[in-house]
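The structure appears right after this line, and notes come after that.
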Amino acid sequence: MKLRLILLVLSLLAFLSASIGGYLYYSSLKKAAFMEAERQAVARVQAIKKNLSSFLSENIKPVRTLAGMKELRQILIRPDDDTALENANAICDHFTETLDVEVCYLMDHGGSTIASSNRDAPDSFVGQNFDFRPYFKQAIQGTPATYLALGTTSGRRGAYYSHPIFENELNNPIGVVVIKASIELVEKELVTGYDEIVLVTDPQGIVFISNRKPMLYHSLRKLSSEQLSQIARSLQFGAGPWTWTGIEAKGEKYAVDSSGNGYLMHQTDLDNYPGWRVIHLRSLKAISKTVSDPLIRIAGPLILTLCVLIGLSVFFLYRKASVEIRKRQSAEKALRESQERYRSLYHKTPAMLHSIDNNGCLVSVSDYWVEVLGYGREEVIGRKLTDFFTESSRRYAKETVFPQFFKTGFCKDIPYRFVKKNGGTIDILLSAISDRDARGGTARSLAVSIDVTERKRAEEALKLAKEELRRYSKDLERQVRKQTKEITSILKYTPAVVYIKDEKGRYIFINSKYEELFGVQNDEVRGKTDYEILPKEVADQFRANDLKVLSEKRSFQIEEHIPQDDGIHTYLSVKFPVYDESSVSGVCGISTDITAVRKAQDQLRRLSGSIMASQEKERSALSRELHDELGQVLTALRMDSAWMKERLKQSDPKAAERASTMCSLIDKTIEEVRVMAFRLRPGVLDDLGLVDALEWHTTDFEKHTGITCVFDHGNVPGTNEAVATAAYRIAQEALTNVARHSFANHTDVTLQAHKGILSLTIIDNGRGFNTLKLSESEGLGVAGMRERANLVGGILKVQSQPQKGTQGYFKVPIDGRNKGVHFD
């Protein structure tokens, strides 16, 4: 032990000597590093100040040159001269490009911008007034100015250089010219180390230039509400909020941020900008690191080598002196570990362990044993084991188990019931072995008790659950039988045809209506396909629709045509996929006979067509009567009035004037009768065709409504009368709706023909509407147009959204026969 102590003391002394020497060396290096960092910081601040001063003064002479340009003076003298304005803008453009600045602009005596190189840009401020800017106020007093601020329109930082413009040397300034240079150009030159922060602040401490973007527009000190209001009124740094950066000065050379990080700080004033300062911050941790990293890199291997040598020396000396000590310690450790392992296994095993002597008294119990029963160890050691049994378990142990155990020295899975300290009971299974003495008798036992209380409860609960499940299954079977009976009754008596097929097209189920329709039985068709029980054309129709449902995995509503004894019937079929867990396993179809409904619709359509044809004939007849009869009478009356005017011109001037008024009134009436006759049935539609009729109507529409109406058409062949009339009336009704409801100012009408299909499109830029919420009166017009389209075998589609205009599309076969027209 003495040798070990001596070696330990020597090792500590060597370590302390090396540590003190290293600390002193490190302190001197650190002091030198801080002095060098301070020298570099001063040089860096001066260099940054020089660069900033150079940048902020480089446009002073150019703005003076720009102020002397005669083109700028001419536009200020003659503000309404467009040529002078164009020349002034050209000068601004030239200086902006040559100087590589953000913008050059000219302000009049009131502060309004009248010419600018960014006049065509999205952020142009031509026409805006900046008389509140200090650079304008100073320049309009005759003194050039420089100003650092955030652009109120562009939102970009810049250095503003302003100079007054004089009409002559004796006059006051008539305007101000301004050059704005982007601050971002000089920020790119502030390339510093990762541990350095460069800030340029105004007199209030607001950061305007920095190599750290997140610190822009923040304050280096806490500002009062009055100071914040003053900054907000100046509009120099945007809308704020100019929050505090958290950096607080600690003397003249040091600063600390809100996270507790320290900085070496140097600052200086910015030339020609009173109150503006350049501030340089460098992390103290980074400065310290410049010392520690090289020291560790150089001295680390030496120190490590020295420590290894010392350690090896101590190791070899100590090894020789402690061989015997280690042997003795190993033996003692092994014994302790063995005892500890046994004790740990005995107490930490999650089972109730105990030992009894040959009198049945407890000599030891495990921690888990006393934890389960709720006793303290001192309360149970020395007491008989049977004291903790229930009466029946105690009697069973004394009479049966103990005699047999002390005889054989073994017992297994003996059921007992223990009584806990709180009066509760637990069920256990006990197994035990005995430790024999030299005479063969039982010295003590080791027993393991397994708590089976929860298992017994689980067995009881499982028994109850099985009984409950049996009752639930019977009730479920009853409900299934009831619902099956109800569904079977619905399928049997429904007038619709219902069937289910698998994905291969094989029938799984058909209802009684299907059996009646096709004369088959459910058992006969099960497992068969449509081709095995139906005519080929019907089977092809059914299979194609089934495959569409299976491929797209969604429901469809389809019309299917099935031949029956009294002719072909039309069925409206709803087909949808049947799922087996997560995949489609088949198709279900429900078909309803709509033949009678279709016949009624066809009769109604023919009746509607007859009514519309009669209307057109009546309109045509009325148009001819208005034109031929009333038109001739008005013409004769016009001639007589003109004769009276000439006859009375000399003898009765007043009567001649009345006759002239009568002529004008008759002319107006003739024009109205002509227009009325043309609207009832335009003769150009019958004489020249649909294209000329629409050309006339769109021109007349634009003339009477003031809404721009552009008609465009391709090479449209001749159409029959019914198709031409339908297209004309649909266009007429659509334009009438535009004039009444849309509040549009532009409408496009297009007529095209392609592959035998005539297409008519009417599009407006009005307020639009919700097509699902049309009033009854508004819906009649659309319904009438759709009815006209259907009567000639065409289709009509109306699309509209609120505030997005309305589009109407009409398609029809040119010969009037339905060829399956549809919209893409």
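How many residues does region 721-755 hold that are in a loop (DSSP other than H, G, I, E, B) and either surrounded by 13 or more Cβ atoms within 10 Å (Cβ to Cβ) or in contact with a Leu (Cβ under 6 Å, 6 or more places away or on another chain) (or both)?
2
Looking at region 104-117 only, could you name the residues that are in contact (Cβ under 8 Å) with a residue 24 or more places away in the chain and either in a strand (DSSP E or B) or out of contact with any Cys (no Cβ under 8 Å at 6 or more places or on another chain) (or both)?
Cys104, Tyr105, Leu106, Met107, Asp108, His109, Gly111, Ile114, Ala115, Ser116
Here is a list of conditions, (1) at pLDDT below 80; (2) of a type in the set (Lys, Arg); (3) surrounded by 12 or more Cβ atoms within 10 Å (Cβ to Cβ), and Arg658 meets all of them except one; can you say which number that is?
(1)
How about region 353-383: which of its residues are closer than 16 Å to Leu430 by Cα and either within 60 Å of the chain's Cα centre (by Cα) or among the charged types (D, E, K, R) (or both)?
Correct list: Tyr368, Val372.
Of all the helices (runs of 4 or more DSSP H) wholly in region 315-419, which have at least 3 residues that are modelled with pLDDT under 75, on the phi < 0 side of the Ramachandran plot and open to solvent by less than 100 Å² (accessible area, probe 1.4 Å)?
323-348
Of all residues in region 136-150, which are hydrophobic (A, V, I, L, M, F, W, C) and either surrounded by fewer than 16 Cβ atoms within 10 Å (Cβ to Cβ) or under 23 Å from Lys70 (Cβ atoms) (or both)?
Scanning region 136-150 gives Phe136, Ala139, Ile140, Ala145.
Residue by residue, here is whether (1) more than 24 Å from Ile594 (Cα to Cα); (2) in a helix (DSSP H, G or I); (3) open to solvent by 70 Å² or more (accessible area, probe 1.4 Å); (4) in contact (Cβ under 8 Å) with a residue 40 or more places away in the chain holds:
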{"site": "Ala465", "(1), (2), (3), (4)": "yes, yes, no, no"}
{"site": "Glu468", "(1), (2), (3), (4)": "yes, yes, yes, no"}
{"site": "Glu477", "(1), (2), (3), (4)": "yes, yes, yes, no"}
{"site": "Pro495", "(1), (2), (3), (4)": "no, no, yes, yes"}
{"site": "Gly505", "(1), (2), (3), (4)": "yes, no, no, yes"}
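If Leu774 meets every condition in (1) over 36 Å from the mean Cα position of the chain (by Cα); (2) modelled with pLDDT under 85; (3) farther than 13 Å from Leu694 by Cα apart from one, which number is that one?
Tallying (1) over 36 Å from the mean Cα position of the chain (by Cα); (2) modelled with pLDDT under 85; (3) farther than 13 Å from Leu694 by Cα, Leu774 fails exactly one: (1).
When region 209-238 is examined, which residues are found to be small (Gly, Ala, Ser) and open to solvent by less than 70 Å² (accessible area, probe 1.4 Å)?
Ser210, Ser219, Ser224, Ser229, Ala232, Ser234, Gly238
Among Arg119, Arg133, Arg78, Arg64, which is open to solvent by less than 30 Å² (accessible area, probe 1.4 Å) and basic (Lys, Arg)?
Arg133
Anything in region 692-715 that is closer than 17 Å to Ser759 by Cβ, at pLDDT 85 or above and open to solvent by less than 60 Å² (accessible area, probe 1.4 Å)? List them, or say none.
If the condition is that a residue be closer than 17 Å to Ser759 by Cβ, at pLDDT 85 or above and open to solvent by less than 60 Å² (accessible area, probe 1.4 Å), then Leu694, Thr698, Phe711, Gly714 are the ones that fit.
I want to confirm something. Restricting to region 557-575 and keeping residues that are out of contact with any Gly (no Cβ under 8 Å at 6 or more places or on another chain) and surrounded by 15 or more Cβ atoms within 10 Å (Cβ to Cβ), which single residue is farthest from Lys513 (Cα to Cα)?
The selected residue is Ile558.
Would you tally the residues in region 519-530 being surrounded by 16 or more Cβ atoms within 10 Å (Cβ to Cβ), closer than 19 Å to Val587 by Cα and not charged (D, E, K, R)?
2
Just to be sure I understand, how many residues within region 239-264 are surrounded by fewer than 17 Cβ atoms within 10 Å (Cβ to Cβ) and under 30 Å from Tyr135 (Cα atoms)?
5
Can you name every residue in region 710-737 that is farther than 17 Å from Trp696 by Cα and of a type in the set (Val, Ile, Thr)?
Thr719, Val723
Of everything in region 507-516, what is surrounded by 20 or more Cβ atoms within 10 Å (Cβ to Cβ) and outside any helix (DSSP H, G or I)? Give them in sequence order.
Tyr507, Ile510, Asn511
I need a count of the residues in region 161-172 that are open to solvent by 10 Å² or more (accessible area, probe 1.4 Å) and part of a strand (DSSP E or B).
2
Go through the residues of region 39-48 one by one and say whether even a single one is of a type outside the set (Val, Ile, Thr), at pLDDT below 90 and open to solvent by less than 50 Å² (accessible area, probe 1.4 Å).
Yes, some residue in region 39-48 is of a type outside the set (Val, Ile, Thr), at pLDDT below 90 and open to solvent by less than 50 Å² (accessible area, probe 1.4 Å).
Just give me the residues in region 420-439 being of a type in the set (S, T, N, Q) and open to solvent by 90 Å² or more (accessible area, probe 1.4 Å), in sequence order.
Asn422
For residues that are in contact with a Lys or Arg (Cβ under 7 Å, 6 or more places away or on another chain) and over 15 Å from Phe208 (Cβ atoms), scanning just region 272-290, find the one that is surrounded by the fewest Cβ atoms within 10 Å (Cβ to Cβ).
Ser288
The values are calculated or read from the model by the stated rules, or taken from the named source; none is laboratory data. Everything quoted here is computed from the prediction, not taken from an experiment. Note: ideal-geometry Cβ built from the backbone for every residue, glycine included; neighbour counts use all protein chains shown. For accessibility, only protein heavy atoms count, side chains too; no ligands or nucleic acids. Shrake-Rupley method; radii C 1.70, N 1.55, O 1.52, S 1.80 Å.
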